[in-house]
Amino acid sequence: MSDGRTATTGSLEFDVVIVGAGSAGCVLAARLSEDPSRRVALLEVGGTDLGEDIMTPGRASLLPFSDHAWPAPTVPQAAAGGRVVPLVTGRRLGGGSSINAMGWFRGHPHDYDGWAAGGAPCPPSTTRWERPAWAWAPTRWWIRGRAGGR
């Protein structure tokens, strides 16, 4: 480039080029790059998601109106009385996951037991601990560990 921000010293060749380092782009790049013979490039126009304005929960409502987001309004929606609905996509590593404030709830133990009774298997990452299904008792330690013990 001639703008002085990027310098290249030759050509780079890739087998796969992924545009957008949102959640899906990052996962796709990680999975594809597990094959050491495959050269994968992941491109993102935004910066990291480590800024104070992203990391401070009270500022989450301001992020859609900042340089951390791409405004992407819809076309007029008939079901919304012809209004244009504002959509916002993340313009950072992590994409929309970096600007959505990540609110979540653990779920009730009864929910987990119901999933297990219905035959829902644990994710592959937990089967190595011989967890046959998503019952509350065997997964409680894993869930509480990620929720800071709550």
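Values quoted throughout were computed directly from the atomic coordinates according to the rules given, and no laboratory measurement underlies them. Treat the numbers as computed from the prediction; the structure is a model and nothing was measured. Every residue, glycine as well, gets a Cβ built from its backbone with ideal geometry; the counts of neighbours run over all protein chains shown.
Provide the gained length on full extension for the span Ala79 to Arg106, in nm with one decimal, where the gain is 0.36 nm per separating residue minus the Cα-Cα distance.
In short, 6.4 nm is gained.
Starting from the Cα of Asp67, step 7 Å along the direction of its Cβ; do the same at Leu87; then give the gap between the two resulting points in nm.
Rounded to a tenth, the inter-label distance reads 2.5 nm.
Can you list the HN-Hα couplings for the stretch 17-27, worked out from phi with the Karplus curve (6.51, -1.76, 1.60; θ = phi - 60°), rounded to whole Hz and with x for Gly and Pro?
Per-residue couplings from phi come out as 10, 10, 9, x, 9, x, 4, 5, x, 5, 5 Hz.
For each of Trp142, Trp134, count neighbouring Cβ atoms within 10 Å of the residue's Cβ, then give the residues from fewest to most.
The fewest-first ordering by Cβ neighbours comes to Trp142, Trp134.
Taking amide H positions as placed in the peptide plane 1.01 Å from N, state which residues far from Thr89 in sequence (5 or more) or on other chains have amide H under 5 Å from it.
Correct list: Trp70, Ala72.
Between Arg59 and Glu13, what is the label-point separation in nm under the 7 Å Cα-to-beta-carbon projection?
The answer from the label model is 4.4 nm.
Fewest Cβ neighbours within 10 Å first, please rank Ile99, Ile54, Ile143 accordingly.
Ile143, Ile54, Ile99
Within the stretch 17-123, list the GluC sites (Glu not before Pro) lying in a DSSP loop whose Cβ has at most 12 other Cβ atoms in a 10 Å radius.
Sites meeting the loop and neighbour criteria: Glu34.
Let me know the shape class of the stretch 29-104, please: from the alpha-carbon gyration tensor, a ≥ b ≥ c as square roots of the eigenvalues, rounded when a/c is under 1.5, otherwise prolate if a/b is greater than b/c, or oblate.
oblate
Could you pull out every residue, at least 5 positions away or on a different chain, whose amide H is within less than 5 Å of the one on Gly47? Hs are placed 1.01 Å off N in the peptide plane, and Pro or chain starts have none.
Leu93
For the stretch 35-48, what does the Karplus curve 6.51 cos²θ - 1.76 cosθ + 1.60, with θ = phi - 60°, yield as ³J(HN,Hα) per residue in whole Hz, taken in order and with x for Gly and Pro?
Working through the residues one at a time gives 7, x, 7, 9, 9, 10, 10, 10, 10, 9, 7, x, x, 6 Hz.
With the crude spin-label approximation of a point 7 Å out along Cα→Cβ, what separation in nm comes out for Ala41 versus Val27?
So the two model labels end up 2.5 nm from each other.
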